[in-house]
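Each value in this text was obtained by applying a stated rule to the coordinates, not by laboratory testing. Quick caveat: nothing in here was measured; it's all calculated off a predicted structure. Every residue, glycine as well, gets a Cβ built from its backbone with ideal geometry; the counts of neighbours run over all protein chains shown.
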């Protein structure tokens, strides 16, 4: 009995710790970049359906951050897409109505745009016994001045929001833009190694800043590229020992209580923000997206 217990303990200790990541998708219902189907409601609906099917296959919960102005004058079936996300068991949050840049807008106007973004969501969520909880800043711009940053944070608290932070950030939009112009296998194949190199960076940097691994929150966007490549991307995470969790589960980790010490114009990962709060220099993630994506 003792030997069996010892062998079990040794085997368990040898196993790598199980990692976790929460998936989030900005710009629901979708963003098409400069392409003919930018207002093709059928194409946008198809991206969402394909992405949701992949999430289901991997048993991966997700948070969709809604930019409610993206209806193309009704061409995109916004309500139907929201219902699909909720029917699949996922959550929806507010990404503002117009996707404005806080750096270039008066705070009062920006706040009204956040309120406007609530309208399509609150009643829909309430019908399912859910509340509108999460807000994510467009471009991760949280305030280029202390007054803006503190004023918006107070406004969001008063409206009952929890900010959906991001620890795994990247320039995946560069690949998405290239793929929108030319949806080739070459671009799709280059995308996954780039995302893995980004993950390598943030795993290392998180240990430097926080002192350990944490449950991460990944920022992706709802677009054709991610609809077509999500299965391969999630398989990469699974191969590296990750399981998929909700944002709520990720936020229970004490790392997310660390001080965000950054005020400025950049949209930074919270790993960088925590580092600034500890007096550490910002060490940026990989920016070389390769010749294919340029």
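Structure values in brief
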{"read-out": "Over the range 71-183, volume per residue of the alpha carbon convex hull, in Å³", "value": "148 Å³"}
{"read-out": "FRET efficiency, residue 236 to residue 147 (Cβ-Cβ, R0 41 Å, nearest 0.05)", "value": "0.50"}
{"read-out": "For 236, 284, 195, 222, order by how many other beta-carbon atoms lie within 10 Å, fewest first", "value": "284, 236, 195, 222"}
{"read-out": "Alpha-carbon Debye profile of the chain, log10 I(q)/I(0) at 0.09, 0.12 Å⁻¹", "value": "-0.45, -0.79"}
{"read-out": "Whole-Å semi-axes of the range 59-115's equivalent ellipsoid (Cα gyration tensor)", "value": "25, 15, 8"}
{"read-out": "Theoretical gain in end-to-end length, residue 243 to residue 200 [0.36 nm per residue, Cα-Cα removed]", "value": "13.8 nm"}
{"read-out": "Residue-averaged [θ]222 nm for the chain, counting only DSSP H segments that reach four residues, each worth -39500 (n - 2.57)", "value": "-15000 deg cm²/dmol"}
{"read-out": "Pairwise Cα inverse-distance average, inverted: Kirkwood Rh of the range 149-265 (Å)", "value": "16.2 Å"}
